[in-house]
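Okay, structure first, notes after.
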Amino acid sequence: MISTVLVANRGEIACRIARTCGELGIRTVAVHSDADANALHARVADEAVRLPGAAPADTYLRGDLIVKAALAAGADAVHPGYGFLSENAGFARAVRDAGLVWIGPPPDAIEAMASKTRAKELMGVAPLREVTEADLPVLVKAAAGGGGRGMRVVRSLADLDAELAAARTEAASAFGDGEVFVEPYVEEGRHVEVQVLADTHGTVWALGTRDCSLQRRHQKVIEEAPAPGLTGELTEELHTVAVHAARAVGYTGAGTVEFLVAGGRAHFLEMNTRLQVEHPVTEAVFGLDLVAEQIRVAEGHALGDDPPPVRGHAVEARLYAEDPAHDWAPQTGRLHRLAVPGEVRLDTGFTDGDDIGVHYDPMIAKVVAHAPTRAEAVRKLAAALERAAVHGPVTNRDLLVRSLRHPEFTDGRMDTGFYDRHLSGLTAPAPDPYAPLAAALADAHGRSRFGGWRNLPSQPQAKRYAVAGEEHEVRYRYTRDGFVADGARVVRADAGLVVLEVDGVRRRFEVSRYGDRVWVDGTALTALPRFPDPTAQPAPGSLLAPMPGTVVRVADGLTEGAAVRAGEPLLWLEAMKMQHRITAPVTGTLSALHAQPGQQVEVGALLAVVETDAPRGLPDMRIRRVSATGHTPPAAEGDA
């Protein structure tokens, strides 16, 4: 029997494995990089071991250090989680050679399926050897891993070499293996997968289907089980192929066989020889704990003859620290508060006050809703996310809510091109028009206790906030009867709660403040100074680093004095094991280039300056004055 498990991973999945181990009475050992010394996964485990020497981004790829840590801590088993070394046959062998139990499939099965090129050959699907115009578009993919790393869509032969090079770099950074391959890219298909679970006694379960079609950068965002709208015949075919794939390599434990479904046909993509990020939706509809099942299989227990029956529908959303409106740029900083209401499952590797760093994937949490029907599960998840308090860096929370409520998704008509078609509409700013007033009244509450009202009428108080890229100014008065604002009756104004009555309807606003950042329910605001410092603003055309990272490449031939176009890639920044294009903000002349390959930069660092070719004029300094109704009143004479 297993008594102590070392979890060879970090973040959400390490915490999730530790939770199940605790329920089973199994002790856990965490490993951590220096950057993760105070991370939640290191705190919830019974013991934690620092992995020395390696750079933070590479620490969890050091199998030799992880095996050494397991032996030092007295662990008798290793669980790899997902990502990092979870599909590395060499690591699995090293664990077994050290006399430890490997909670995963046999190394030979990993070797056969973890390389996607060999997996396709095994399943009779060959990748492209040479690409011609007739093959376009094509997809470049990493052979040794997933999660969108090392994956590129190529629509022009002229771009192929550069995208292959970028994919190899990303794959080597994420998985320690730079092998990539090319396959045809099927537009507007659905990503459907089958969860399999196999024991060492010859039983293989096909645990239903999942739909993971809503993706960004080929990484899943929203997943559900079972996959909606499949015919019984197609579902049976998917199950049959998945079981065949598992049996073909002598698979044991939990794994996933992935397909692209288009035109009523299923195309084999790959088999992931590990636990998937989206496994909770399968757990919800089958009433299983897949981590517990992995441990039982590793201990030699047999599965039953048949899996449990499906119960209802489950939907999962991945909450990321990223800005979908700006090329999905990852965000970093302090997560002040994370609270999701309702009867939903929350899997996370963070808690209030933790920092989201630059070295790892920016996923904050997975939120899962389970209900008797798909419509109820979708509604339940959207409501929980809408009411969630996520105070910290910019996240994709609003995008998730809007995606779950989009007609294509609610009708089950989504495909992998969903965000290509709808991203601009789903990311259009829609802040609550009363949020600035609520923020101002909550802030003024403390000062009002020390007086402030006057016998004679005076000028109203004014406060300015930046909301969704716009500047808002609100005005109010404090009288002997309390606060007064145009367009709304102030029922209550405390530091954390403001109640306004508008047109006879009362609305409650929960307000939280951290320095100059204010959250009013789901709307994030930045309090602006009364007298801004003009020297603190970057010069027009300044290109600032949107995140901390490493400059990995500068566009070929780019030098100071070069003519550039708005949106043209100037350099590439690597952060969180992915490369991000940094483009020219305007059309003009590159007057300064400060970034160099290999340079480490912090967020806000000046990378380059592009002087616009447009004629210079007086800047528009008009402030948007917003009344309590959220409407912009006519500009008063003298407004500037």
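Within the stretch 466-475, identify whether any single residue is among the aliphatic types (A, V, I, L, M) and surrounded by fewer than 17 Cβ atoms within 10 Å (Cβ to Cβ), and answer yes or no.
Yes - at least one qualifying residue is present in the stretch 466-475.
Among the residues of the stretch 273-321, how many are modelled with pLDDT under 95 and either of a type in the set (A, V, I, L, M, F, W, C) or outside the structural domain of Ala225 (by TED's automatic domain parsing) (or both)?
Residues in the stretch 273-321 being modelled with pLDDT under 95 and either of a type in the set (A, V, I, L, M, F, W, C) or outside the structural domain of Ala225 (by TED's automatic domain parsing) (or both): 0 in total.
Kindly provide the set of residues from the stretch 264-279 that are basic (Lys, Arg) and part of a loop (DSSP other than H, G, I, E, B), ordered by number.
Scanning the stretch 264-279 gives a single hit, Arg274.
Residues of the stretch 93-116 being of a type in the set (Val, Ile, Thr) and surrounded by fewer than 21 Cβ atoms within 10 Å (Cβ to Cβ), which ones?
The one that is of a type in the set (Val, Ile, Thr) and surrounded by fewer than 21 Cβ atoms within 10 Å (Cβ to Cβ): Val101.
Can you pull out the residues in the stretch 391-417 that are hydroxyl-bearing (Ser, Thr, Tyr) and under 23 Å from Gly522 (Cα atoms)?
Residues satisfying the conditions are Thr395, Ser403, Thr410.
Of these, Ala35, Ala72, which one is modelled with pLDDT under 95 and either surrounded by fewer than 19 Cβ atoms within 10 Å (Cβ to Cβ) or in a helix (DSSP H, G or I) (or both)? Can you show your working first?
On the way: Ala72 fails: modelled with pLDDT under 95.
Selected residue: Ala35, the only one of Ala35, Ala72 that is modelled with pLDDT under 95 and either surrounded by fewer than 19 Cβ atoms within 10 Å (Cβ to Cβ) or in a helix (DSSP H, G or I) (or both).
Among the residues of the stretch 364-386, are any in a loop (DSSP other than H, G, I, E, B), modelled with pLDDT under 95 and touching a Gly at 6+ places or on another chain (Cβ under 7 Å)?
no
If you go through the stretch 241-278 one residue at a time, how many are closer than 19 Å to Thr203 by Cα, buried (at least 22 other Cβ atoms within 10 Å of the Cβ) and charged (D, E, K, R)?
Within the stretch 241-278, residues that are closer than 19 Å to Thr203 by Cα, buried (at least 22 other Cβ atoms within 10 Å of the Cβ) and charged (D, E, K, R) number 1.
Being touching a residue at least 60 places away in the same chain (Cβ under 8 Å) and in a strand (DSSP E or B) is the filter; apply it to the stretch 486-509 and report the residue that is farthest from Ala439 (Cα to Cα).
Only one residue fits best here, namely Val502.
Filter the stretch 279-295 down to the residues that are surrounded by fewer than 20 Cβ atoms within 10 Å (Cβ to Cβ) and farther than 19 Å from Ile26 by Cβ and list them by number.
Passing the criteria: only Gly287.
At least 3 residues that are in the same structural domain as Asp361 (by TED's automatic domain parsing) and crowded, with 22+ Cβ neighbours inside 10 Å in each: list the strands (runs of 3 or more DSSP E) lying fully within the stretch 117-218 that qualify. Steps first, answer last, please.
Details: elements: 138-142, 152-154, 180-184, 190-198, 204-216.
Where strands (runs of 3 or more DSSP E) fall fully within the stretch 117-218 and carry at least 3 residues being in the same structural domain as Asp361 (by TED's automatic domain parsing) and crowded, with 22+ Cβ neighbours inside 10 Å, they are 190-198, 204-216.
A quick yes/no check of all residues on (1) out of contact with any helix residue (DSSP H, G or I) (no Cβ under 9 Å at 6 or more places or on another chain); (2) charged (D, E, K, R); (3) at pLDDT below 90; (4) surrounded by 11 or more Cβ atoms within 10 Å (Cβ to Cβ):
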| site | (1), (2), (3), (4) |
| --- | --- |
| Thr550 | yes, no, yes, yes |
| Glu560 | yes, yes, no, yes |
| Pro569 | yes, no, no, yes |
| Pro585 | yes, no, yes, yes |
| Leu607 | yes, no, no, yes |
| Arg616 | yes, yes, yes, no |
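Quick one: is Pro228 closer than 21 Å to Val367 by Cβ and in a helix (DSSP H, G or I)?
No; evaluated as a whole, the condition is false for this residue.
Counting just the residues of the stretch 13-32 that are in contact (Cβ under 8 Å) with a residue 60 or more places away in the chain and in a loop (DSSP other than H, G, I, E, B), which one comes out nearest to Glu293 (Cα to Cα)?
Selected residue: Leu24.
Mind checking which residues of the stretch 585-610 are under 24 Å from Thr332 (Cβ atoms), free of Cβ contacts under 8 Å to residues at least 60 places away in the same chain and outside any strand (DSSP E or B)?
Pro585, His594, Ala595, Gln596, Pro597, Gly598, Gln599, Glu602
Restricting to the stretch 345-378, give me the number of residues that are more than 18 Å from the chain's Cα centre (by Cα) and touching a residue at least 24 places away in the same chain (Cβ under 8 Å).
Of the residues in the stretch 345-378, 9 are more than 18 Å from the chain's Cα centre (by Cα) and touching a residue at least 24 places away in the same chain (Cβ under 8 Å).
Can you pull out the residues in the stretch 396-431 that are part of a loop (DSSP other than H, G, I, E, B), surrounded by fewer than 20 Cβ atoms within 10 Å (Cβ to Cβ) and polar (S, T, N, Q)? I'd like the intermediate steps shown before the answer.
Of the residues in the stretch 396-431, the ones part of a loop (DSSP other than H, G, I, E, B) are 396, 405-406, 411-417, 427-431.
Pick out the ones that are also surrounded by fewer than 20 Cβ atoms within 10 Å (Cβ to Cβ) and you get 405-406, 411-413, 417, 427-430.
Scanning the stretch 396-431 gives a single hit, Thr427.
Of the residues Arg413, Arg405, which single one is out of contact with any helix residue (DSSP H, G or I) (no Cβ under 6 Å at 6 or more places or on another chain) and basic (Lys, Arg)?
Arg413
Go through the stretch 278-325 and give me each residue that's under 30 Å from Ala524 (Cβ atoms) and not charged (D, E, K, R). Show your work before the answer.
So the first thing to find is which residues in the stretch 278-325 are under 30 Å from Ala524 (Cβ atoms), and the list is 278, 280-281, 314-325.
Matches in the stretch 278-325: Pro280, Val281, Ala314, Val315, Ala317, Leu319, Tyr320, Ala321, Pro324, Ala325.
Kindly establish whether Gly176 is at pLDDT below 95 and closer than 29 Å to Ile26 by Cα. Break it down into steps so the answer makes sense when it comes.
Working: at pLDDT below 95: yes; closer than 29 Å to Ile26 by Cα: no.
No.
Can you tell me which residue within the stretch 296-348, out of those that are of a type in the set (Val, Ile, Thr) and surrounded by 20 or more Cβ atoms within 10 Å (Cβ to Cβ), is farthest from Leu423 (Cα to Cα)?
Within the stretch 296-348, the match that is farthest from Leu423 (Cα to Cα) is Val297.
Pull up the stretch 490-499, narrow it to residues that are over 20 Å from Arg480 (Cβ atoms) and surrounded by 14 or more Cβ atoms within 10 Å (Cβ to Cβ), then point me to the one that is modelled with the highest pLDDT.
Restricting to residues being over 20 Å from Arg480 (Cβ atoms) and surrounded by 14 or more Cβ atoms within 10 Å (Cβ to Cβ), the top hit is Leu497.
State yes or no: is Leu71 farther than 29 Å from Gly353 by Cα, of a type outside the set (Gly, Ala, Ser) and touching a Pro at 6+ places or on another chain (Cβ under 8 Å)?
no
The values are calculated or read from the model by the stated rules, or taken from the named source; none is laboratory data. Predicted model only: the values in this text are computed from it and were never measured. Positions of Cβ are generated from backbone atoms using ideal geometry, with glycine treated the same way; all protein chains shown enter the neighbour counts.
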